Amino acid sequence: MRLVVFGAGAIGSILGAYLARSGHDILLIGKKPQVDAIERDGLRIDGLTNLTVHPRVAENLRSGERSAMVILTVKSYDTEDACYKISRALTPRPILSVQNGLCNLTAMEKGLTKGGWANPRLYIALSVLSWGATLLDYGRIRHAGTGPFLVGDFAGGRAAKRFASLFEGVGISTVFTQDILSAIWRKAIINAAINPVTALYKVPNGEVLAEPLRSQSLALLHEALEVARAEGYRFAEHEMEEEFFRVLERTSANQSSMLQDVTRGKRTELDAISGEILARGAAHGMKLPRTERVVKKLKSQLGQ
Ligand code: KPL
């Protein structure tokens, strides 16, 4: 099948590589250094999977490109712009977000509508993927940890089930859920607890299992959980804590995506994760001192 993977970061590259290995014709859209490296040497994945593939790569999506479906793996702050470009180049078709953060659905709808798609919700599928993935160098990615891949949509599974069978067909186990927004909130709570702390102290995820970072992260988890509750999501505290520890153990050797961004001097997804939790908390009149403090500290460390 011809497919576009829009976003050649660590996750987009691994998904693209799995699909290409199984014979799908993949076009990976990425930034120049990544595109150049993949064109020259191929795309190499190490760790849980070891493979080298040679997908087609480009910096931009050409109008009329053939693609049955689109997989969106850009950073959350690029979602609207990427979706605008996709909808300018392609007529409506299923599009799956594999991203972090709480704002992607809104940004996708905005971008796709601006580019001319009517009723984008009919085509949008969302997902939650908790894999440990690191961009070691351009064209070289380490796949360090797996976890569940949940997909869902707003059209009774019409879009999401197509992606689920696509990924199942290439050996990536996928679970369809009726309630993907709950799953996204759960992931955002975990990200809000782990990512800013690992980015601030520059430690791999596993170090959050020990004190003093464990208590600091758990405090962030509890604040984010309160906001989720105010938004109508009733997650049990002990279940969220268990999930938090499970993710840390499964990705213990890995650096969080936020720490990788900080290390590489890239913009982080702090606003789309903790910033959005603060904004939604404020809308409910809530005070979130621990989240506020960590956001402030990290922003001042990054000079923002
Ligand atoms: O999603 C993640 C990330 O690094 O962004 C995990 C691995 C769950 C850590 O929060």
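The values are calculated or read from the model by the stated rules, or taken from the named source; none is laboratory data. From a predicted model like this one, the values you see are computed outputs, not experimental measurements. Ideal geometry is used to build each Cβ from the backbone, glycine not excepted, and the neighbour counts take in all protein chains shown. Protein only, heavy atoms only, side chains kept; ligands, DNA and RNA dropped before computing areas. Shrake-Rupley method; radii C 1.70, N 1.55, O 1.52, S 1.80 Å.
Things to note:
- For the stretch 42-110 versus the stretch 216-276, the gap between their alpha-carbon centres in whole angstrom: 24
- Straight-distance crosslink candidates among aspartates and glutamates, where the alpha carbon sits under 14 Å from K110 and sequence neighbours closer than 8 are dropped: D78, E80, D81
- Cleavage-rule hits (trypsin sites (Lys or Arg not before Pro)) in the stretch 59-120: DSSP loop, at most 12 neighbouring Cβ within 10 angstrom: R62, R66
- Choice from G139, G156, G111 with maximal GNM fluctuation in the chain (Cα, 10 Å cutoff): G156
- Charging the Cβ of each Asp and Glu at -1 and of each Lys and Arg at +1, and nothing else, the dipole of the stretch 110-236 about its Cα centre rounds to 420 debye.
- Label-point gap, in nm, between L209 and R293 - each point 7 angstrom along Cα→Cβ: 2.6
- In the context of the full set of protein chains, the chain has a per residue accessible area of 42 Å² (1.4 Å probe).
- Options I189, T174, G12, ranked by Cα towards positive dipole end of the chain, top entry (Cβ charges): G12
- Exposure ranking of E80, E292, E226, E65 by accessible area [1.4 Å probe, largest first]: E292, E226, E80, E65
- Secondary structure note: in the chain, about 35% of the DSSP beta bridges are antiparallel.
- For the stretch 181-302, the Cβ-based charge dipole about the Cα centre amounts to some 440 debye (Lys, Arg positive; Asp, Glu negative; other atoms uncharged).
- For the stretch 143-231, with all protein chains in place and a probe radius of 1.4 Å, 53% of the accessible heavy-atom surface sits on carbon or sulfur.
- Nonpolar atom fraction for the stretch 1-101, defined as the carbon and sulfur part of the 1.4 Å probe accessible area, stands at 46 percent.
- The stretch 1-121: antiparallel DSSP beta bridges as a percent of all, rounded to 5: 15
- Report summary: the helix-based calculation at 222 nm, which adds -39500 (n - 2.57) for every DSSP H run with n ≥ 4 and divides by the residues of the chain, gives -14000 deg cm²/dmol.
- Accessible surface, 1.4 Å probe, highest first, among residues H238, H143, H284, H222: H238, H284, H222, H143
- Applying 1/(1 + (r/R0)^6) with r as the Cβ-Cβ distance of D41 and Q301 and R0 = 45 angstrom yields a FRET efficiency of 0.85.
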